Amino acid sequence: MRNAQPVRRSASGVALGIALFAHDLPAQPAATERPEEIVVSVTPLAGAGGLPLDKIAHNVQSALAEDLERMQSLHLGDFLNRTMASVSLNAAQNNPLQPDVRYRGFAASPLLGLAQGLAVYQNGVRINEPFGDTVNWDLLPESAVHGLHLVGGSNPLFGLNTLGGALVVKMKNGFNAPGHHLDLEAGSFGRAIVSAQSGASRNGFAWFGSIQSFDENGWRDASPSHAVTTYGSLGWQGERSSLNVNGQYGRSDLTGNGAAPVELLQADRDAIFTAPDITENDLYMASVDGSSELADGFTLSGTLFFRRNKTDSFNGDASEYSLCRLGGTDTLLEGLDADALESLGLASEDICDDRFTDAQALESFLDDTALALGEDGDFRIEDLQDGISGTGVLSDSGINNVSTRVQESYGSNVQLSFTGDVFDRPARAIAGAAWFRGASDFDALVELATLDPVTRSTAGSGTGAFLDAAATSVSAVTETLSGFLTGTLDVDERLTVSLSGRFNTTRVSLDDRSGERPELEGRHAFRRLNPALGMTYQLDSRINLYASYSESSRTPTPVELACNEQVFERAAAIAAARGEDPEEVEFECRLPNAFLADPPLEQVVARSYEAGARFAFGEDGTLHAALFHTTSSNDIIFQTTGRATGLFANVEETRRMGIETGARGSWRGIEWFAAYSLIEATFEDAFDALSPNHPLADEATGAINVQAGDRIPGVPRHHLKLGVDYGLGDGFSIGFDVLHNSGQYLRGDESNYLEPTRAYAVANLRGRYRMNEHVAFFAIVENAFDADYETFGLLGEEPSEVDVPDFAALTDPRFLGPGAPRAAYVGIRLSL
């Protein structure tokens, strides 16, 4: 902790030096042509009813397909992380295609159970999945992206979930991306990427198609992945109208074996803890978007879409159950904790060798022994034998968490935009409505398995016996109706004022399809009007100032509503009504990926203030600086109750505030960018959080005390980025980018007692040789200096709890997500 201040001062000093140096750079032509005026989408319908950037009262970061190609990033999240201010990645799953993307401390992640605070749109279609608002970056084909805007703040016009911002992606079509390209790339860890795209237009009609295949063995042990995405578009453009029909298919088979114990990483950074953790996605998506100029100044735009994603998950883990011989029969028990036995001077072999007739007799013996030693005698031993189906073959070394999610979403957006004069002043207005319906089926099973002591894997070792009490079968439907309105008025030649609002009404229904979990069922309704007010002021031809206030909200997702403390209380009430002991109820949720963070139960409301300035220098240089402050009411953290299980609980208020700066330009043939962000992400209320593996956790409750001002885990305080590209002539160009992040507190250490992860810096190199207009070669070196670093951390059980020889001496409960070592890739692009 004492070493953090020099890092902070140096990062801040570098950022200030970059900004001051940029202000005096001489003008040079840009290496990549950019539009003279950037038009920014003010609603999810990209390109429909947009405004010039100098009329936007919040920070917007934009990129074109040429920028993505130059960076040679693996996916869109990787590109955002390397180039855009206030963006960072957490390698929670430790798969290159499954990152947690954070912007201003808010997440867009593929992991169920992580609070999602960013809305992501693809050609006007919201691609946050309905069951948990998750974002599957592996299913968004970067090679088919024409451009994007990263919109900061709680902008209500982008609908639910826009707590920290929105990502608006516009895809390629035959009009904006003509030509034919084939890219081949290969290199470290058996990676092979093939990407092909083709587009053309003629007589007002156009077509575009792309396909991309990714294969990799993975740099960590037993971590192969494969993904294929295809995208196609048919379009028509007339004098006053346009129409596009778009289709997409994606399939991925991803292995992400997650964080590893810190002591294991010190010995072998390639090693994994338990395995496998496999996610398979199968996506179909179709959409239609179009616009028509109804009359001078009036344009009608809209989109209609359908999206279906089936996700199969297989997660192998160590078992928390115990095998005991009771009454002459091998019996599977829950609640026979090895640490609790050790405190009594006992081990499982002392009591499980047919010494007791049943679980109740064993429990009574343990309670009496504890009381005799002056300890709490409250053992809860549960006999699971009658709740096992299938083969009945028992094992207490491993389990397989197997689940399937089928998520279908469909809906439409329509808006009428106006551009003209109001009271003899230029004005723009948009009125629109949106409908979204998401239906989800979630089925989960827990299978007993054996855990290989060498590979720590349960693959192929399931016994065919299933724990009926751990099975879940839930269906959920989320339906949202929205109406929105925004108006922008140029008060004079310098001052522009905008006023916006969006009303959302959402209904969420949950149904238990198993007939065994009535506490999961429910009907929920949420309504809210979210306003926004902004103004921009053109101080002179090169300086643009802005300020805004905005509100946005998100409703609890079906998975959050199904896994919260209120459901636990309801389960206890149902047990009492049945004449059962409510104190014996042990309700908890087990999802495909271990719960790692913090969603809410009440409707979350984010209130944002933002002020900033944009500067132009030279021919093409730009510099922006922004202050932002977002307070979220009714946030929640995940409350862990065991290995990969837990419940959600409310936190009244959290805050993300900070500084966001960025600059780019060109000088003497060098094209460069730089960005620095300072993010203070804190809890603003005192509360108790469950974290039983924390060294300060209360022995009886497993809770730690969190104070107002404690930092939210997973969010680096400092972000610094720098990139340079230089054309050497004769078709040669070279470039590099450097990313520096400060450390972050571990999930499960919301009280900030433990040391955070280390600050780190990673440098990437790239080069390109264009032989002619048809052939180009490229090379990439990632983590060029082979730095050892971690982008993520959490608290888990002591590794020695997993009964394998390699972990017997491992006692540190800290788990870290290691960054990839140095890797090199080469490729060729063929163009027609």
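The values are calculated or read from the model by the stated rules, or taken from the named source; none is laboratory data. All values reported here derive from a predicted model rather than from experimental measurement. Every residue, glycine as well, gets a Cβ built from its backbone with ideal geometry; the counts of neighbours run over all protein chains shown. For the accessible areas, the whole protein counts, side chains as well, though only heavy atoms, and no ligand, DNA or RNA atoms are used. Shrake-Rupley method; radii C 1.70, N 1.55, O 1.52, S 1.80 Å.
If you check Leu234 against the conditions, is it open to solvent by 10 Å² or more (accessible area, probe 1.4 Å), more than 16 Å from Asp138 (Cα to Cα) and touching a helix residue (DSSP H, G or I) at 6+ places or on another chain (Cβ under 8 Å)? Criteria not met by Leu234.
For region 350-375, a residue qualifies if it is farther than 21 Å from Glu320 by Cα, open to solvent by 90 Å² or more (accessible area, probe 1.4 Å) and not aliphatic (A, V, I, L, M), and the qualifying residues are Arg355, Thr357, Asp368. If you go through region 710-737 and keep only what is more than 24 Å from the chain's Cα centre (by Cα) and modelled with pLDDT of 95 or more, you end up with Gly723, Val724, Asp725, Tyr726, Phe732, Ser733, Ile734, Gly735, Phe736. Of the strands (runs of 3 or more DSSP E) lying entirely inside region 123-212, the ones with 1 or more residues being basic (Lys, Arg) are found at 165-171, 191-202. Out of the residues in region 244-266 meeting the condition of being under 12 Å from Ser225 (Cβ atoms), open to solvent by less than 20 Å² (accessible area, probe 1.4 Å) and not hydroxyl-bearing (Ser, Thr, Tyr), tell me which one is modelled with the highest pLDDT. Selected residue: Leu254.
Which of the residues belonging to region 673-686 are open to solvent by 30 Å² or more (accessible area, probe 1.4 Å) and not in a loop (DSSP other than H, G, I, E, B)? Result: Leu678, Glu680.
Just checking, how many residues over region 267-289 are farther than 22 Å from Leu451 by Cβ and surrounded by 21 or more Cβ atoms within 10 Å (Cβ to Cβ)? The total comes to 5. In region 1-89, counting only helices (runs of 4 or more DSSP H) that sit wholly within it, the ones holding 2 or more residues that are at pLDDT 65 or above span 65-71, 76-83. Inspection of region 473-488 finds a residue satisfying the criterion of being touching a Pro at 6+ places or on another chain (Cβ under 6 Å) and in contact (Cβ under 8 Å) with a residue 24 or more places away in the chain.
Of the listed requirements (1) open to solvent by 10 Å² or more (accessible area, probe 1.4 Å); (2) in a strand (DSSP E or B); (3) within 30 Å of Thr331 (Cβ to Cβ), Ile399 misses just one: (1).
Residues that are among the acidic types (Asp, Glu) and open to solvent by 10 Å² or more (accessible area, probe 1.4 Å) within region 82-111 are absent altogether.
Residue by residue through region 372-393, note down the ones that are more than 12 Å from Glu334 (Cα to Cα), modelled with pLDDT of 90 or more and either in contact with a His (Cβ under 7 Å, 6 or more places away or on another chain) or of a type in the set (A, V, I, L, M) (or both). Within region 372-393, Ile388, Val393 meet the criteria. Residues that are farther than 23 Å from Phe442 by Cβ and either surrounded by fewer than 24 Cβ atoms within 10 Å (Cβ to Cβ) or at pLDDT 95 or above (or both): does region 129-143 have at least one? Yes: one or more hits.
Counted as qualifying within region 692-800 are the strands (runs of 3 or more DSSP E) with 1 or more residues that are under 26 Å from Leu182 (Cα atoms) and either open to solvent by 50 Å² or more (accessible area, probe 1.4 Å) or of a type in the set (Val, Ile, Thr) (or both), namely 718-729, 732-741, 760-770, 775-782.
Residue by residue, here is whether (1) open to solvent by 40 Å² or more (accessible area, probe 1.4 Å); (2) farther than 30 Å from Val87 by Cβ; (3) more than 28 Å from the chain's Cα centre (by Cα) holds:
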| residue | (1), (2), (3) |
| --- | --- |
| Asn176 | yes, no, yes |
| Glu185 | no, no, no |
| Phe208 | no, no, yes |
| Arg240 | yes, yes, yes |
